[in-house]
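The values are calculated or read from the model by the stated rules, or taken from the named source; none is laboratory data. All of these numbers come straight from a predicted model, not from anything done at the bench. Positions of Cβ are backbone-derived with ideal geometry, glycine not excepted, and every protein chain shown enters the neighbour counts. Note: accessible area is taken over every heavy atom of the protein model, side chains too, but ligands, DNA and RNA are not part of it. Shrake-Rupley method; radii C 1.70, N 1.55, O 1.52, S 1.80 Å.
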Amino acid sequence: MTEVVLERLVLVSPYIGQAKWASAALKEQIGLGLSAPGRAISNRRARVIWAGQRSWLVAAEVKLEGLAAVTDQSDAWASLRIEGAGVEDVLARLVPIDLRASTFKGGHTARTMLAHMNVAITRVGAQAFEVMAMRSMAGTLVHDLQAAAAQVTARG
């Protein structure tokens with residue numbers, strides 16, 4: 001596990017009828033538009049993560065006046081990358097959705113539960129996931145993942 005530092009993170013919620021224009025404005029500003037539901041996209045400058053109905057987390061500074069509500073989330077979320085052989089087995093102990101590569105492919109993202117916490121989880125590689133939780137739950141997130149990893153390792 002490694003910490004993912006998100007310098008700037010905002011929640012973007014386009015106003016009714018403005019999603020197309022908000023997406024175009026984002027594309028102009030950061031090179032990415034709004035991702036499809038259940039997907040995350042990124043480039044060297046930014047990330048766009050679907051966060052629920054009409055909501056996206058955007059890891060970049062953006063200006064969308066008149067097109068979307070933009071709420072600073074920079075201090076609200078903790079993010080980590082968990083990767084390696086057996087990572088799907090570790091997460092299967094804690095997450096109630098199917099994260100196998102045949103179902104949850106690269107760039108897929110979901111809002112779900114991990115143990116008793118609400119999280120956003122994204123597949124970022126063949127054996128790698130990024131998990132985001134509320135910052136106040138960061139210690140619990142790490143503890144629960146370490147405990148599940150120890151159980152998978154002990155299983156041999």
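Going by the structure shown, is residue 40 among the small types (Gly, Ala, Ser), within 26 Å of residue 126 (Cβ to Cβ), open to solvent by 30 Å² or more (accessible area, probe 1.4 Å) and touching an Asp or Glu at 6+ places or on another chain (Cβ under 9 Å)? No, not satisfied.
This table checks each residue for (1) touching a residue at least 60 places away in the same chain (Cβ under 8 Å); (2) among the aliphatic types (A, V, I, L, M); (3) in contact with a helix residue (DSSP H, G or I) (Cβ under 7 Å, 6 or more places away or on another chain); (4) open to solvent by 20 Å² or more (accessible area, probe 1.4 Å).
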| position | (1), (2), (3), (4) |
| --- | --- |
| 46 | no, yes, yes, no |
| 73 | yes, no, no, yes |
| 82 | yes, yes, yes, no |
| 90 | yes, yes, yes, no |
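Restricting the first member to region 1-30 and to residues that are not assigned by TED's automatic domain parsing to the domain that holds residue 84, and the second to residues that are part of a helix (DSSP H, G or I) and crowded, with 19+ Cβ neighbours inside 10 Å, the beta-carbon pairs closer than 6 Å and six or more apart or on different chains are 14/22. The number of residues in region 101-122 that are surrounded by 12 or more Cβ atoms within 10 Å (Cβ to Cβ) and over 21 Å from residue 76 (Cα atoms) comes to 5.
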